[in-house]
Amino acid sequence: MDKQLFKSEIKRVNGYLKEIVTHFDHTGNPISTIVNPLTVELKPRDVLQIFVGSFLIAAPLSFTAEIWELSTTIETFKVWLLVIISFVTVTLFIYFNSYRGRMRGYILHFFKRIIATYVITASSSALILYLIDQFPFGTDPGVAMKRVIIISFPALFGAILSDTLK
């Protein structure tokens with residue numbers, strides 16, 4: 001049997017890209033259609049989802065004295081390892097969940113999503129720390145940045161998970 005049993009096409013529906021998969025029976029008649037959201041473009045809704053997901057994890061962590069103390073004692077090398085581990089993990093997660101097989105034409109969107117995830121997550125972590133007077137950027141910028149990185153590490157995973165909800 002040479003006949004293809006499905007056809008996949010990408011269309012814009014209400015401003016969002018969708019993958020429309022139509023399944024056919026052996027005679028070529030359509031029997032079902034599935035519409036899947038494509039998350040290859042960074043839209044305002046995605047930015048909000050990233051912010052909410054990161055805020056959900058960052059908020060409770062920001063209020064703990066353990067994080068404040070850890071940021072004063074942890075080695076800078078280990079903090080940079082957290083950055084590297086999170087970067088690799090987040091990049092691979094975004095690639096495999098949104099861009100695998102779809103990089104052509106969306107490479108810039110791929111990098112925008114990664115950068116947006118990091119900037120939004122770090123900003124939300126810094127904002128919370130600032131609001132509770134635990135962001136000593138003026139007096140001890142090293143500790144302030146360590147706090148942001150330590151809190152952002154788990155918050156990044158909340159951000160990318162909430163970004164996958166459509």
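Consider only pairs whose beta carbons are under 8 Å apart and that are at least six residues apart or on different chains; among these, list those whose first residue lies in the range 128-148 and is under 13 Å from residue 72 (Cα atoms) and whose second residue is among the aromatic types (Phe, Trp, Tyr) and buried (at least 17 other Cβ atoms within 10 Å of the Cβ).
134/68; 144/135; 147/68; 147/135; 148/135
May I ask you to verify whether residue 25 is within 19 Å of residue 159 (Cα to Cα) and charged (D, E, K, R)?
no
Inspect the range 96-108 for any residue being aromatic (Phe, Trp, Tyr) and at pLDDT 95 or above and give the result as yes or no.
The answer is no, given that none of the residues of the range 96-108 is aromatic (Phe, Trp, Tyr) and at pLDDT 95 or above.
Considering only residues of the range 117-137 that are outside any loop (DSSP other than H, G, I, E, B) and either β-branched (Val, Ile, Thr) or at pLDDT below 95 (or both), which is surrounded by the fewest Cβ atoms within 10 Å (Cβ to Cβ)? Give the derivation first.
So in the range 117-137, the residues outside any loop (DSSP other than H, G, I, E, B) come out as 117-131.
Pick out the ones that are also either β-branched (Val, Ile, Thr) or at pLDDT below 95 (or both) and you get 117, 119-121, 128.
Numbers: 117: 27, 119: 12, 120: 25, 121: 30, 128: 23.
My answer is 119.
Would you please list the contacts, defined by Cβ atoms under 9 Å and residues six or more apart or on different chains, that run from a residue in the range 47-66 that is assigned by TED's automatic domain parsing to the domain that holds residue 120 and closer than 12 Å to residue 150 by Cα to a residue that is part of a helix (DSSP H, G or I) and basic (Lys, Arg)?
62/147
Select from the range 138-166 the residues that are at pLDDT below 95 and not in a helix (DSSP H, G or I) and list them in ascending order.
Scanning the range 138-166 gives 164, 165, 166.
Test residue 152 against the stated conditions and say whether it is surrounded by 20 or more Cβ atoms within 10 Å (Cβ to Cβ), closer than 20 Å to residue 76 by Cβ and among the hydroxyl-bearing types (Ser, Thr, Tyr).
So residue 152 fits the description; yes.
The values are calculated or read from the model by the stated rules, or taken from the named source; none is laboratory data. Treat the numbers as computed from the prediction; the structure is a model and nothing was measured. Note that we place each Cβ from the backbone using ideal geometry, even for glycine, and neighbour counts take in every protein chain shown.
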